[in-house]
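These notes concern the structure reproduced below.
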Amino acid sequence: KYAILDLAVCNPLKCDPEKGICRAARACRKGILEQESPFEPPILTSEAMCIGCGDCVKGCPLNAIKIGRGSYI
């Protein structure tokens, strides 16, 4: 299991209009969903390291993240 981010839906400006901080990245307890710069969408740095816990799904107010299954290749 791993997080799948829908970039067409993700918008950190809507999460935090003042600072552009992604709530889903902040909620990721393993630090694998990272936001490199404010107002930029987050990236999943490693599908293999993602445990599919769903914290990022719960943290995203825009429902831009789903938990998927499958190979990492």
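Numbers at a glance
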read-out: Flag if Ile21 is open to solvent by 30 Å² or more (accessible area, probe 1.4 Å) and in a strand (DSSP E or B); value: no
read-out: Test: residue in segment 37-44 that is of a type outside the set (Lys, Arg), open to solvent by 70 Å² or more (accessible area, probe 1.4 Å) and touching a Lys or Arg at 6+ places or on another chain (Cβ under 7 Å); value: yes
read-out: Filter pass, Asp6 being open to solvent by 50 Å² or more (accessible area, probe 1.4 Å), within 10 Å of the chain's Cα centre (by Cα) and modelled with pLDDT of 90 or more; value: yes
read-out: Given (1) touching a helix residue (DSSP H, G or I) at 6+ places or on another chain (Cβ under 8 Å); (2) open to solvent by 50 Å² or more (accessible area, probe 1.4 Å), index of the condition Lys30 fails; value: (1)
read-out: Filtered residue count, segment 45-71, keeping only those that are out of contact with any Lys or Arg (no Cβ under 7 Å at 6 or more places or on another chain) and under 15 Å from Ala8 (Cβ atoms); value: 4
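The values are calculated or read from the model by the stated rules, or taken from the named source; none is laboratory data. Just so it is clear, the model here is predicted, and its values are computed rather than measured. Note that we place each Cβ from the backbone using ideal geometry, even for glycine, and neighbour counts take in every protein chain shown. Ligands, DNA and RNA are stripped out before the accessible areas are found, and what is left, the full protein with its side chains, is counted by its heavy atoms. Shrake-Rupley method; radii C 1.70, N 1.55, O 1.52, S 1.80 Å.
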